[in-house]
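Take a look at the structure set out below.
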């Protein structure tokens with residue numbers, strides 16, 4: 001037997017699905033990882049110049065949370081304390097900000113020349129997605 005309350009709840013649920021609404025929860029697999037793969041993996045994967053210089057890889061959730069040889073870049077629950085966001089927002093010295101365009105090394109290092117072709121600053125909306133994901137606990141979801 002359907003009650004008015006169950007009918008209203010079912011209608012609301014159906015309306016949310018039909019309108020394409022989504023929760024405000026950011027997902028590593030569907031929201032964050034594609035951004036990192038498209039924009040960062042060319043340098044920050046084994047064999048890339050960024051990986052060689054820092055030890056930081058975006059190849060997987062585990063390597064992202066591991067950080068670099070200089071320490072963690074993601075502090076789950078706090079984008080403000082996460083160096084990854086600081087670097088993406090260009091809050092560091094220009095030599096450290098990401099992405100790095102390493103023109104001064106391009107003649108000496110083919111990897112850096114390749115990386116420089118793909119380097120571009122992330123749009124603010126993508127930085128916000130990564131920030132929200134970190135603030136929500138940086139879960140492997």
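The values are calculated or read from the model by the stated rules, or taken from the named source; none is laboratory data. These figures come from a predicted structure and were not determined experimentally. Here the Cβ positions follow ideal geometry from the backbone for every residue, glycine too, while neighbour counts run over all protein chains shown.
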Criterion violated by residue 32 - all others in (1) assigned to a helix (DSSP H, G or I); (2) at pLDDT below 85; (3) surrounded by 10 or more Cβ atoms within 10 Å (Cβ to Cβ) satisfied: (2)
Meets criteria (outside any helix (DSSP H, G or I) and modelled with pLDDT under 55) for residue 43: no
Flag if residue 141 is in contact with a strand residue (DSSP E or B) (Cβ under 9 Å, 6 or more places away or on another chain), under 21 Å from residue 63 (Cβ atoms) and modelled with pLDDT of 90 or more: no
Conditions (1) touching a residue at least 24 places away in the same chain (Cβ under 8 Å); (2) within 22 Å of residue 137 (Cα to Cα); number of the one not met by residue 56: (1)
When residues of the stretch 76-98 are limited to those that are part of a loop (DSSP other than H, G, I, E, B) and buried (at least 19 other Cβ atoms within 10 Å of the Cβ), the one modelled with the lowest pLDDT: 98
